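K.L.:
The structure follows.
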Amino acid sequence: MSDWKREGTLVLMAGTVNLLAGLCAWMGILSTRTLSGSQHLIVLLGVALAAALPLFVHRLMRQRTSPGDPVILPITFLLGGVGLANLLGTVGSDDIALVTKHCLGLFAGGVIVVLLAGMNHTQRKTLLEYRYLWALLALLLGVLLLIFGRGPGGARLQLFGFLPVEAMKLLLVLFAAGYAARRFGTLSPPRTGIHWWQLRWQELLPLLVMFAFMLGIFVLARDFGPALTLYLTLLVMLYLVTGRAVLLIPAVLLMLTGILLVEALGIGVLPTRVAMWLSPWQITEDHARHLAHSLWALSTGGLFGSGIGLGKPQSVPFARSDSVFSMWGEHLGLVGTLSLLCLYALWLGRFIRIAQRSATSEDCLLAAGIAVLQGTQIVLICAGITGLLPMTGMSLPFVAQGNSALLANSAMVGLLYSITAHPSPQPAPSSTGRYRFRLRVLAWAFTLIILGLIGARSFWIQGIQADDIATRPLMVRLPKSEPHRVTNPRLTAIAQRIPRGRILDSTGAVLAETRDGRRVYPCGEACAQLVGWLDARFGGPSGAEARYNRRLRGYDSTRDLLRLYRRKDLPFFRLPEGQDVTLTISRGAQQRALRAIRQAYPNGNATFVLIEPDSGHVLVAAGTPTFDPNQLNPTLWQQLRTRKDAPLVFRPVDGLYPPGSVFKVVTAAAALEKGVPLRHRCRHIERNVRWKVGDKTFVKSRLSDHPTMRAHGTLGLRDALRLSCNLYFGHLAIALQPATLYETATAVGFQRVPKPDEMAAELPDCGFGQGKILASPLEVANLMATIARDGTWRRAVFAPGNNPSRPVLSDATAEALRQMLGEVVQTGTAYGIFTGTGWEVYGKTGTAETSEGKRKPHGWFAGVVQNDNLPPLAFALILEHGGSGREAARASRKILQQVLPVLQQR
């Protein structure tokens with residue numbers, strides 16, 4: 001088969017593949033986006049151009065030139081078709097003009113290929129003889145770019161609407177090839193290499209100086225990808241010319257030194273890219289998300305991809321240019337990725353084969369320079385996208401969008417084709433033979449890197465570890481914001497399509513729901529910490545949104561989302577739905593409680609909890625400070641995080657306070673359960689109190705009652721609880737010993753009680769709720785619920801369901817405690833406060849000293865309330881630095897007067 005027929009057959013195959021890929025992309029557009037009729041026509045015309053252009057160019061080539069390499073043109077146009085299909089997979093109605101622009105670039109590139117493919121050897125030789133002109137033009141473009149260039153992030157990329165970097169790379173390859181051919185083309189016999197003593201610095205100096213200037217310009221322009229590409233191209237060209245691989249060692253060390261220097265000085269985006277490469281999943285800069293998004297795209301594509309136009313590659317930064325390799329991997333999966341790598345390996349192999357078979361040093365070095373430049377770009381781009389190297393921010397040849405690169409690459413292909421179509425009529429001189437072995441080494445190196453390293457890395461990302469990488473979160477730790485996790489945007493998108501369930505109160509009133517894609521909270525600040533919020537920017541989900549997240553969102557894990565995402569475009573696919581969650585609280589009672597707390601204690605923070613003992617259901621859990629989760633924004637979030645009063649803490653559950661005298665109920669319960677009788681004479685203050693635990697003796701220098709109290713005289717348990725005598729309960733704790741007190745406290749639900757060996761040294765203080773004992777308002781309220789349930793403990797819950805109970809106190813103990821607590825309200829420390837309410841109330845006041853300097857003690861009141869229309873309800877109130885338990889009892893009455901009528905209407 002002749003070369004023309006082989007090329008024609010391959011061109012026809014490339015056009016067919018381009019047609020099929022374009023039609024697949026168009027079908028993806030039909031199923032996922034809305035375009036007008038004229039926009040659909042533009043897409044179809046672009047597909048037709050990608051399919052017909054290879055045949056058109058082949059036809060013109062047959063008329064204008066001799067047959068050349070039959071493989072490079074079909075692969076080139078196949079890559080161009082891949083690029084167009086990739087672009088069609090991302091465009092929408094707003095940017096359809098990109099398709100037109102890209103198609104014009106493809107057509108112009110085809111024309112350039114035809115024109116340059118007709119150059120004969122003399123014309124190419126003349127072209128290389130103007131090497132200094134090309135160097136000056138490249139330098140001029142670099143200076144203009146440095147002065148007038150524009151681009152994102154301070155990088156100078158564009159000059160008057162085009163990217164001069166692409167033209168500069170071609171010009172510098174022409175300069176390097178022409179200079180090397182002129183200076184080194186006939187120095188040594190075949191395969192012997194040029195020894196270091198044969199190289200004169202005056203011959204190498206112009207080449208090195210020119211590249212140093214260009215590298216300096218690229219560094220100043222903050223565009224390091226082309227600078228690194230050109231430097232590596234220079235190194236490989238030196239190896240080809242000299243055959244001295246040892247020269248690469250100092251050159252590589254010099255390159256690494258420059259990179260470290262730029263990294264240390266923080267110039268441009270290189271430090272960000274290096275940091276992103278070293279830690280792609282934990283970033284401290286907002287611009288360092290690039291690698292994580294690229295890995296997400298590749299891994300989400302998996303083995304076979306999402307289909308062209310059916311993925312979400314737009315979420316990757318610079319998806320149409322720098323990250324186009326990840327976009328293709330998402331579209332067609334590992335199969336498409338490996339196919340593209342094979343195409344590039346074959347393409348570069350043909351380039352190097354052209355250099356090997358060239359008859360003159362000029363053609364050999366020109367072809368080798370183009371091959372090295374293109375191969376270096378491909379390796380740096382693909383290795384950067386897959387995480388093997390830091391990202392360089394360059395465009396993949398013919399696949400990435402950008403007409404500047406498209407035209408420059410087309411010119412290189414045209415020059416290569418002309419070398420094979422119009423070789424030198426003279427036989428190859430002996431000086432070209434030395435390049436063949438080195439070019440063979442270069443070909444194997446590119447093949448091993450592209451198919452070996454990058455191919456293996458792609459197999460790891462898209463095959464072996466695909467699910468793990470696709471579901472791995474990105475931890476973002478920006479200087480002025482809360483650290484938060486960012487998930488794969490594809491999984492976020494599919495999760496947003498699943499209707500999230502509502503959070504309802506016990507009457508069916510809405511506490512949280514999704515409206516127009518936004519989570520809203522009708523209960524507002526009354527339920528802020530209890531219901532929580534969903535937004536991950538502000539630490540969400542939290543509260544009930546986090547506790548019941550799986551039920552609300554309709555899936556168990558991000559792996560479930562990944563499976564749903566990969567099946568989303570299959571026939572008969574249906575998304576799951578999130579379930580509603582019903583809480584035990586009453587929205588109306590919650591709002592009334594918050595209003596009453598602010599009225600009863602306007603100048604401080606307070607927390608109120610109300611429990612239904614029979615079921616353990618929490619009916620109210622409100623408090624201050626609070627905020628409205630509907631108003632969350634970065635500024636408010638920063639204020640909430642830094643406020644000293646900690647408004648983000650859900651105080652009913654997570655607020656920990658010394659329980660003070662309400663803990664005397666626990667000490668009394670332990671004494672009743674163990675049958676430890678005690679009568680003690682209270683002198684108000686006792687000094688040098690001694691007690692013994694095991695074989696250790698402890699001494700407390702001073703034990704006293706509250707300063708406002710007087711000496712109580714000789715007391716039994718009933719009067720001591722009614723009058724809240726600290727000295728009595730201190731001695732009662734000594735009589736009980738730490739193990740008994742610890743056992744009873746933990747049995748009734750207190751979780752922050754020191755172990756017996758830790759309690760021993762402060763045993764009297766622990767007996768009346770001081771020392772290291774801490775409790776939450778919910779634990780204190782549940783203590784009262786346990787007493788109301790005849791000594792049966794049940795967990796306090798915020799959602800209905802199975803809630804088993806266990807006996808922790810005897811019926812007799814519970815009855816005795818109810819009577820004693822009733823006397824507290826009738827004749828004790830809460831005397832007269834609940835008179836006239838019509839309620840039956842029993843409870844305990846508490847004054848809890850704090851370690852916060854001279855601030856007032858906390859005021860507690862916990863008890864049980866009952867009237868004719870409601871079952872018994874246990875409650876607890878703490879006034880932070882409220883002064884005394886009696887103040888808390890007064891505030892409790894005001895809150896209950898607001899809350900109970902709402903509960904009666906349920």
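The values are calculated or read from the model by the stated rules, or taken from the named source; none is laboratory data. Quick caveat: nothing in here was measured; it's all calculated off a predicted structure. All Cβ positions, glycine included, derive from the backbone under ideal geometry; neighbour counts span all protein chains shown. For accessibility, only protein heavy atoms count, side chains too; no ligands or nucleic acids. Shrake-Rupley method; radii C 1.70, N 1.55, O 1.52, S 1.80 Å.
K.L.:
Taking the highest mean first, how do the peptides 309-317, 35-43, 78-86 order by number of other beta carbon atoms within 10 angstrom per residue?
P.N.:
Numbers: 309-317: 21.8, 35-43: 14.0, 78-86: 26.9.
Descending packing order for the listed peptides: 78-86, 309-317, 35-43.
K.L.:
Around Asp556, with a cut-off of 13 angstrom between Cβ atoms, what is the net charge of the other residues, counting Lys and Arg +1 and Asp and Glu -1? Before the final figure, lay out each step's value.
P.N.:
Values: positive: Arg550, Arg551, Arg553, Arg559, Arg563; negative: Asp560.
Result for the local shell: +4.
K.L.:
Diagonalise the Cα gyration tensor of the range 487-580 and give the resulting equivalent ellipsoid semi-axes, square root of 5 times each eigenvalue, largest first, whole Å.
P.N.:
On the way: eigenvalues 131, 40, 23 Å².
Whole-Å semi-axes of the equivalent ellipsoid: 26, 14, 11.
K.L.:
Here's another thing I want to ask about it. So, for the chain, what is the accessible surface per residue at a probe of 1.4 Å, expressed in square angstrom? Before the final figure, lay out each step's value.
P.N.:
Values: 37920 Å² over 906 residues.
Using a 1.4 Å probe on heavy atoms only, each residue of the chain averages 42 Å².
K.L.:
Would you work out the relative contact order for the chain, in percent, from Cα pairs under 8 angstrom that are 6 or more residues apart?
P.N.:
Details: 1712 pairs, mean separation 88.9, N = 906.
RCO, the chain: 10 percent.
K.L.:
Enumerate the aspartates and glutamates that Lys5 could reach by cross-link, defined here as Cα to Cα under 20 Å, with residues fewer than 8 away along the same chain left out.
P.N.:
By straight Cα distance, Lys5 reaches Asp69.
K.L.:
Shifting gears a bit: Quick check: the distance between the Cα centres of the range 725-781 and the range 514-578, to the nearest angstrom?
P.N.:
Answer, in whole Å: 42.
K.L.:
With the crude spin-label approximation of a point 7 Å out along Cα→Cβ, what separation in nm comes out for Arg643 versus Ser31?
P.N.:
My value for the distance between the label points is 5.0 nm.
K.L.:
Right, something else. Which of the residue pairs Lys644/Lys856; Lys101/Lys125; Lys772/Lys844 have a Cα-Cα distance greater than 28 Å in the structure shown?
P.N.:
Values: Lys644/Lys856 17 Å; Lys101/Lys125 34 Å; Lys772/Lys844 20 Å.
The answer is Lys101/Lys125.
K.L.:
If amide H atoms are built 1.01 Å from N in the plane of the peptide, which residues on other chains or at least 5 residues away come under 5 Å of the amide H of Val581?
P.N.:
Here the answer is Arg502, Ile503, Leu504, since their amide H atoms fall under 5 Å of that of Val581.
K.L.:
Quick one: 3J(HN,Hα) in Hz for the range 231-238, Karplus 6.51/-1.76/1.60 with θ = phi - 60°, rounded, Gly and Pro as x.
P.N.:
Whole-Hz 3J(HN,Hα) from phi for the range 231-238: 4, 5, 4, 4, 4, 5, 4, 4.
K.L.:
Let me ask you something else. Over the Cα atoms of the range 493-649, what is the Rg over Rh ratio if Rh follows Kirkwood?
P.N.:
1.03
K.L.:
Viscosity 0.890 mPa s, temperature 25 °C: Stokes-Einstein D of the chain from its Kirkwood Cα radius, in µm² per second? If you can, show how the numbers build up before the last one.
P.N.:
Numbers: Rh = 33.3 Å.
D = 74 µm²/s.
K.L.:
Ignoring ligands, DNA and RNA, what percent of the accessible area of the chain is carbon or sulfur (1.4 Å)? It would help to have the intermediate numbers written out before the result.
P.N.:
Working: 21620 of 37920 Å².
Here it works out to 57 percent.
K.L.:
Applying a 10 Å radius around every beta-carbon, put 827-840, 873-886, 538-551, 380-393 in order of their mean neighbour count, most first. Write out the running numbers ahead of the final one.
P.N.:
On the way: 827-840: 16.2, 873-886: 25.8, 538-551: 18.9, 380-393: 23.5.
For the peptides 827-840, 873-886, 538-551, 380-393, the packing ranking is 873-886, 380-393, 538-551, 827-840.
K.L.:
Now a separate question. Just report the Cα centroid separation between the range 78-106 and the range 437-496, whole Å.
P.N.:
Spelled out, the Cα-based centre of one part sits 25 Å from the other.
K.L.:
Would you list the P(r) distribution for the range 658-775, with all Cα-Cα distances sorted into 10 Å bins from 0 and each bin expressed as a whole %?
P.N.:
15, 51, 31, 3
K.L.:
Next up: Label Arg150 and Ala812 with points 7 Å out from Cα along Cα→Cβ: what is the distance between them in nm?
P.N.:
For Arg150 paired with Ala812, the spin-label model returns 9.2 nm.
K.L.:
Just from its helices, what would the mean residue ellipticity at 222 nm be for the chain, if runs of 4 or more DSSP H residues each count -39500 (n - 2.57) and the sum is divided by every residue, rounded to the nearest 500 deg cm²/dmol?
P.N.:
Helices in the chain give a 222 nm mean residue ellipticity of -17000 deg cm²/dmol.
K.L.:
Averaged over all directions, how much area does the convex hull of the C-alpha atoms of the range 332-457 cover when projected, in nm²?
P.N.:
On the way: hull surface 32.2 nm².
Mean projected area of the Cα convex hull: 8.0 nm².
K.L.:
Rounded to two decimal places and with Rh computed the Kirkwood way over Cα pairs, what is Rg over Rh for the range 109-179?
P.N.:
Values: Rg = 14.4 Å, Rh = 13.5 Å.
With Rh from the inverse mean 1/r over Cα pairs, Rg/Rh is 1.07.
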